[in-house]
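Down below is the structure, laid out as structure tokens.
The values are calculated or read from the model by the stated rules, or taken from the named source; none is laboratory data. Keep in mind that what you see is a predicted model, and the values were worked out from it rather than measured. In this analysis, Cβ positions are derived from the backbone assuming ideal geometry, glycine residues included, and neighbour counts consider all displayed protein chains.
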Amino acid sequence: MMLKNLVLTAAFGLATWATSSAVQSEEEDQALIKAMDSAKVSLQQGLTASQREGQPISAKFELEDGKLQLSIYTAKSGKFSEVIVDYRTGKVAKSEAITGGDDLTHAQSQSAAMAKAKLSLKNAVDKAVQGEAGSRAVSIMPDVKDGHPIASIVLRKGEQLNTVVQPLD
């Protein structure tokens, strides 16, 4: 009986955690959608601006400490940087080397995917946005699936976010 109660308690705890994570994610998405109203710069413009720091390998609008920011990872000569582009002016606000942790792991994976790509991230975003009239790109993350480079692109249309996959080869 005690084991059964423990299993039920654990299952309830997991269900509660999953539900609260989904609600938190939904709240975060809505906060990001609202914050993006103040962005004058598109993801594509941010990708172009970041090129002076290296090849863009991923990009996203995100909330950092409750404030909107446009973050782009770049690769240059085997080194990686996080470039912050001012979402109001389109100018590079700062660039920091990525030297360790999950950020470095992600940058290495994204760079490997882009090494196989024939299509730039900017062109992939342009295609995705053209295919979804009235949408605006929120993020683009490259990956390799079944040996082929792809990009997962999150688009905002009105108050909704949806993800499309764009081949990069």
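In the stretch 121-134, which residues are surrounded by fewer than 17 Cβ atoms within 10 Å (Cβ to Cβ) and touching a strand residue (DSSP E or B) at 6+ places or on another chain (Cβ under 8 Å)?
Result: LYS127, GLY131, GLU132, GLY134.
Filtering the stretch 68-79 down to residues that are of a type in the set (A, V, I, L, M, F, W, C) and touching a Ser or Thr at 6+ places or on another chain (Cβ under 7 Å), which residue is surrounded by the most Cβ atoms within 10 Å (Cβ to Cβ)?
ILE72
Okay, residues lined up against (1) farther than 19 Å from LEU155 by Cβ; (2) surrounded by 10 or more Cβ atoms within 10 Å (Cβ to Cβ); (3) touching a helix residue (DSSP H, G or I) at 6+ places or on another chain (Cβ under 6 Å); (4) modelled with pLDDT under 95:
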position	(1), (2), (3), (4)
SER21	yes, yes, no, yes
GLN24	yes, yes, no, yes
ALA31	no, yes, no, yes
SER42	no, yes, no, no
LEU47	no, yes, yes, no
GLY54	yes, yes, no, no
SER58	no, yes, yes, no
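Check THR9 against each of (1) at pLDDT below 90; (2) polar (S, T, N, Q); (3) under 22 Å from LEU161 (Cβ atoms) and name the one condition it does not meet.
(3)
Cβ-Cβ under 9 Å, sequence separation 6+ or interchain: first residue in the stretch 155-168 and free of Cβ contacts under 8 Å to residues at least 60 places away in the same chain, partner loosely packed, with under 13 Cβ neighbours inside 10 Å and β-branched (Val, Ile, Thr). Which pairs?
LEU155/THR163
Answer yes or no as to whether ALA137 is within 18 Å of LYS40 (Cβ to Cβ), surrounded by 21 or more Cβ atoms within 10 Å (Cβ to Cβ), in contact with a helix residue (DSSP H, G or I) (Cβ under 7 Å, 6 or more places away or on another chain) and not β-branched (Val, Ile, Thr).
Answer is yes for this residue.
Among the residues of the stretch 80-113, which ones are part of a strand (DSSP E or B) and surrounded by 14 or more Cβ atoms within 10 Å (Cβ to Cβ)?
PHE80, SER81, GLU82, VAL83, ILE84, VAL85, VAL92, ALA93, SER95, ILE98
I need the full set of residues from the stretch 114-128 which are in contact (Cβ under 8 Å) with a residue 60 or more places away in the chain, assigned to a helix (DSSP H, G or I) and more than 17 Å from GLU62 (Cβ to Cβ), in order please.
Within the stretch 114-128, LYS122, ASP126 qualify.
Tell me which residues, restricted to the stretch 129-154, are of a type in the set (D, E, K, R) and either at positive phi or touching a residue at least 24 places away in the same chain (Cβ under 8 Å) (or both).
GLU132, ARG136, ASP143, ASP146
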